[in-house]
Amino acid sequence: MSAAATLAAVPSVAKARRLVIKLGSALVVDPDAAATRTGWLDEVAEDIAALQRTGVEIIVVSSGAIALARRTLNLTQPRLRLEEKQAAAAVGQIRLAQAWSEALSAHGLTAAQLLLTMEDTEDRRRYLNARATLTTLLGLGCVPVINENDTVATAEIRFGDNDRLAARVAEMVQADQLVLFSDIDGLYTADPRRDPAAQHIPIVAGMTTEIDAMGGEPPPGYSSGGMRTKLVAARIATGAGCAMAIALGHRPHPVRALVEGARCTWFMPTIDGRSARKRWIAGSLSPLGTVTVDAGAARALAGGRSLLPAGVAGVAGEFSRGDAVRVQGPGGLEVARGLSAYNSEDARRIMGHRSEEIEAILGWRGRDELIHRDDLVLV
Ligand code: GLU
């Protein structure tokens, strides 16, 4: 790729469609005051409001619950046990959510709190529910503010750092950009605090073992992230078709600064988001049922359309909403695979019916499609 082509491809936050921004504890919390950095949060909220007005959907992933409660609970030793972290999170999260709610509402925005665990991003049903809630909130103009549900996440199922959580969230909502605000303005060839010859890397075209090696050791002190978890996040995000940036958060109006071209490191997506999702549907999920469609529906699917209940002639197997199912044509040949928007029982009840009849049959209004085309891959 020529230098010009590389430059042209650099993402711009101002052009994001759906943007996830992650802010670490070291930014959000002033450890001396054991309080949030109110003035700085207000600037971030102002930046978010300005960007949202231009049509960008924004989700915040904010750390800081544990750091906020340490002093109150007298837990000031550098390393906390898991139970102590959970207790601190239980106390601090109230304050963190309140700080965000106040900061955002001062700029006319409504904050919505979501506490997620790793399971919520991996179990299909919970994943779909979390995704549906997030997209509904965005549709309502709210700013979701997410943290890990530290109080219930045990060691084995804990992210432990919000870098990876933010990347999973970006993947889940098919964000096109993720920005990890940090105490450093990007990735360097070596740790610039120790090595004066370290060079800033503006663009990482693809994750390699060489790039992974630049992660180094996790930093001491309160924060659990460091460069290593950011690079893991980069693998998750870019593999899901989302561009990711590491940018400096320790400055006034950090989001605006980025919009105005502040230096950062961009990790380029390896594939576009849609194909990442389709690959996941086609390859990683074992179908739990089979949906037989009529010839008309099979033709519609081949033409890139969604599968409507009206075109379904049979439903076999037991599956839940969000499970993968095989779609076969009238001759019994598999034509597609997708995620069902209804469980097998409801699918049987609505098959052969027009979508307008779904509410009368089930007593609630679900999706018009049995399998939406975004959740469908032809085989
Ligand atoms: N969830 C933790 C908190 O809010 C922070 C995890 C991290 O440091 O990324 O305190």
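Residue 146 passes every criterion in (1) away from the ligand (no atom under 15 Å from the Cβ); (2) closer than 17 Å to residue 27 by Cα; (3) not basic (Lys, Arg) apart from (1).
Provide a single number: the residues in segment 104-124 that are among the polar types (S, T, N, Q), surrounded by 18 or more Cβ atoms within 10 Å (Cβ to Cβ) and in a helix (DSSP H, G or I). Residues that pass the stated criteria total 1.
Residues that are modelled with pLDDT of 95 or more and under 22 Å from residue 136 (Cβ atoms): does segment 316-338 have at least one? No, there is no match, as no residue in segment 316-338 is modelled with pLDDT of 95 or more and under 22 Å from residue 136 (Cβ atoms). Of all the numbered requirements in (1) within 12 Å of the ligand (Cβ to nearest atom); (2) in contact (Cβ under 8 Å) with a residue 40 or more places away in the chain; (3) surrounded by fewer than 23 Cβ atoms within 10 Å (Cβ to Cβ), residue 80 misses one, and that requirement is (2).
For residue 302, indicate whether it is in contact (Cβ under 8 Å) with a residue 40 or more places away in the chain, surrounded by 16 or more Cβ atoms within 10 Å (Cβ to Cβ), hydrophobic (A, V, I, L, M, F, W, C) and out of contact with any helix residue (DSSP H, G or I) (no Cβ under 7 Å at 6 or more places or on another chain). No, not satisfied.
So that you can scan it fast, the table gives a plain yes or no per residue for (1) loosely packed, with under 15 Cβ neighbours inside 10 Å; (2) in a strand (DSSP E or B); (3) not small (Gly, Ala, Ser):
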{"residue": "319", "(1), (2), (3)": "no, no, yes"}
{"residue": "326", "(1), (2), (3)": "no, yes, yes"}
{"residue": "332", "(1), (2), (3)": "yes, no, no"}
{"residue": "336", "(1), (2), (3)": "no, yes, no"}
{"residue": "341", "(1), (2), (3)": "no, no, no"}
{"residue": "359", "(1), (2), (3)": "yes, no, yes"}
{"residue": "369", "(1), (2), (3)": "no, no, yes"}
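Which ones in segment 15-29 are more than 16 Å from the ligand (Cβ to nearest atom) and among the charged types (D, E, K, R)?
Once the filter is applied, which keeps residues that are more than 16 Å from the ligand (Cβ to nearest atom) and among the charged types (D, E, K, R), segment 15-29 yields 15, 17, 18.
Kindly indicate whether residue 32 is in a loop (DSSP other than H, G, I, E, B) and either under 24 Å from residue 234 (Cα atoms) or more than 14 Å from the ligand (Cβ to nearest atom) (or both). First the steps, then the outcome.
On the way: in a loop (DSSP other than H, G, I, E, B): yes; either under 24 Å from residue 234 (Cα atoms) or more than 14 Å from the ligand (Cβ to nearest atom) (or both): yes.
The answer is yes for residue 32.
Of the residues 97, 50, only one is surrounded by fewer than 21 Cβ atoms within 10 Å (Cβ to Cβ), within 14 Å of the ligand (Cβ to nearest atom) and at pLDDT 95 or above; which? So the residue among 97, 50 that is surrounded by fewer than 21 Cβ atoms within 10 Å (Cβ to Cβ), within 14 Å of the ligand (Cβ to nearest atom) and at pLDDT 95 or above is 97. Of everything in segment 125-138 that is surrounded by fewer than 16 Cβ atoms within 10 Å (Cβ to Cβ) and under 26 Å from residue 25 (Cβ atoms), the residue that is modelled with the lowest pLDDT is 126. Count of segment 236-256 residues, restricted to those that are modelled with pLDDT of 95 or more, among the hydrophobic types (A, V, I, L, M, F, W, C) and buried (at least 19 other Cβ atoms within 10 Å of the Cβ), is 6. Note on segment 275-302: residues that are under 30 Å from the mean Cα position of the chain (by Cα), in a loop (DSSP other than H, G, I, E, B) and not hydrophobic (A, V, I, L, M, F, W, C) amount to 2.
Filtering 256, 277, 263 for residues that are out of contact with any Ser or Thr (no Cβ under 7 Å at 6 or more places or on another chain), under 17 Å from residue 56 (Cβ atoms), in contact (Cβ under 8 Å) with a residue 24 or more places away in the chain and among the charged types (D, E, K, R) leaves a single hit, 256. Would you confirm whether any residue within segment 149-170 is within 16 Å of the ligand (Cβ to nearest atom), assigned to a strand (DSSP E or B) and under 22 Å from residue 234 (Cβ atoms)? There is no residue in segment 149-170 that is within 16 Å of the ligand (Cβ to nearest atom), assigned to a strand (DSSP E or B) and under 22 Å from residue 234 (Cβ atoms). Taking the criterion of being small (Gly, Ala, Ser), within 16 Å of the ligand (Cβ to nearest atom) and at pLDDT 85 or above, the only residue of segment 171-221 that qualifies is 182.
Among the residues of segment 53-70, which ones are of a type in the set (S, T, N, Q) and either within 16 Å of the ligand (Cβ to nearest atom) or surrounded by 18 or more Cβ atoms within 10 Å (Cβ to Cβ) (or both)? The answer is 62, 63.
The values are calculated or read from the model by the stated rules, or taken from the named source; none is laboratory data. On a predicted model such as this, the values are computed, not experimentally measured, just so you know. Glycine also receives a Cβ, built like all others from the backbone with ideal geometry; neighbour counts cover every protein chain displayed.
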